[in-house]
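The values are calculated or read from the model by the stated rules, or taken from the named source; none is laboratory data. Everything numeric here is computed off the predicted structure, so don't read it as measured data. We place every Cβ from the backbone using ideal geometry, glycine too, and count neighbours over all the protein chains shown.
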Amino acid sequence: MSKAKFITLEGIDGAGKSTQLSCIEACLKARGIAFLLTREPGGTQLGEKLRSILLHEHMHPETEALLMFAARAEHLSGVIMPALNEGTWVVSDRFTDASFAYQGGGRGLDYARLAALEQWLHEGFQPDLTLLFDVPVEVARERLKKNAALDRFEHEEEAFFNRVRDAYLDRAKRFPQRFRVIDSSLPLDSIKKKLEEIISTICL
Ligand SMILES: Nc1ncnc2c1ncn2[C@@H]1O[C@H](COP(=O)(O)OP(=O)(O)O)[C@@H](O)[C@H]1O
Ligand SMILES: [Mg+2]
């Protein structure tokens, strides 16, 4: 049996990550792969409490970065690593690339500090596949307008999301082996086809 894989979904708010989760779920189910779906910040009891603080309370950018990594420590030790070790694939709606994009690109924190936290928590461990749902900020904002209540991040200005988007695209260029960039402005059907192709290559 091949090793259980760790797949992460990334992209700005409104890019379509949550929407595509069901497609990924169907792809993996069709192949008889045991997997679990999870998300960041969150994924554990304590992590979900931290998520609600992160999404709703005002805080200093450094506090934000440290809480994201604190929630991630719980997620890695309590959910991600145990699952992978027992052969269950893990699909996470966001992971450490989001810290580089949001707290680094968006808030302007020093990338070296974030890299130190990354190394502390998961030195040498990276997703096998990172799906970056890329969409122009204006398109994502239009989509978010349909949501009733926006969180602290979703309320950010356009320039913030442009920095986040650029930071994500930079990460994709830096780590081309694990990143696949998906044009998320396309209709849902085309994205689904693309995802099926990508997932089938990783399942080999
Ligand atoms: N490819 C797409 N075309 C049109 N609308 C989309 C597409 N992908 C997502 N949406 C819509 O955009 C909104 C935000 O999508 P969502 O999956 O919640 O984004 P994210 O989880 O990345 O923040 C939802 O209302 C969703 O139905
Ligand atoms: Mg979502």
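May I ask you to list the residues in segment 145-178 that are among the aliphatic types (A, V, I, L, M) and either away from ligand 1 (no atom under 11 Å from the Cβ) or farther than 19 Å from Pro41 by Cα (or both)?
Of the residues in segment 145-178, the ones among the aliphatic types (A, V, I, L, M) are 148-150, 159, 164, 167, 169, 172.
Scanning segment 145-178 gives Ala148, Ala149, Ala159, Val164, Ala167, Leu169, Ala172.
Could you check segment 1-99 for helices (runs of 4 or more DSSP H) lying wholly inside it with 3 or more residues that are out of contact with any helix residue (DSSP H, G or I) (no Cβ under 6 Å at 6 or more places or on another chain), away from ligand 1 (no atom under 16 Å from the Cβ) and hydrophobic (A, V, I, L, M, F, W, C)?
Working: elements: 17-30, 45-56, 61-75, 81-85.
Correct list: 81-85.
What are the residues in segment 105-163 that are surrounded by 14 or more Cβ atoms within 10 Å (Cβ to Cβ), part of a loop (DSSP other than H, G, I, E, B), at pLDDT below 95 and out of contact with any Leu (no Cβ under 9 Å at 6 or more places or on another chain), if any?
The one that is surrounded by 14 or more Cβ atoms within 10 Å (Cβ to Cβ), part of a loop (DSSP other than H, G, I, E, B), at pLDDT below 95 and out of contact with any Leu (no Cβ under 9 Å at 6 or more places or on another chain): Glu156.
Of the residues that make up segment 27-36, is at least one among the hydrophobic types (A, V, I, L, M, F, W, C) and within 16 Å of ligand 2 (Cβ to nearest atom)? Outline the logic, then answer.
Our first condition is that a residue be among the hydrophobic types (A, V, I, L, M, F, W, C); within segment 27-36, this holds for 27-28, 30, 33-36.
Restricting the remaining residues to those that are within 16 Å of ligand 2 (Cβ to nearest atom) gives none.
Checked against the condition, which is being among the hydrophobic types (A, V, I, L, M, F, W, C) and within 16 Å of ligand 2 (Cβ to nearest atom), segment 27-36 yields no hits at all.
Restricting attention to segment 179-186, does a residue exist that is touching a strand residue (DSSP E or B) at 6+ places or on another chain (Cβ under 7 Å), in a loop (DSSP other than H, G, I, E, B) and either farther than 28 Å from Pro82 by Cα or aliphatic (A, V, I, L, M) (or both)?
Restricting attention to segment 179-186, the residues satisfying the condition of being touching a strand residue (DSSP E or B) at 6+ places or on another chain (Cβ under 7 Å) are 179-184.
If we keep only those that are in a loop (DSSP other than H, G, I, E, B) too, we end up with 184.
Okay, now just the ones that are also either farther than 28 Å from Pro82 by Cα or aliphatic (A, V, I, L, M) (or both), so 184.
Looking through segment 179-186, at least one residue is touching a strand residue (DSSP E or B) at 6+ places or on another chain (Cβ under 7 Å), in a loop (DSSP other than H, G, I, E, B) and either farther than 28 Å from Pro82 by Cα or aliphatic (A, V, I, L, M) (or both).
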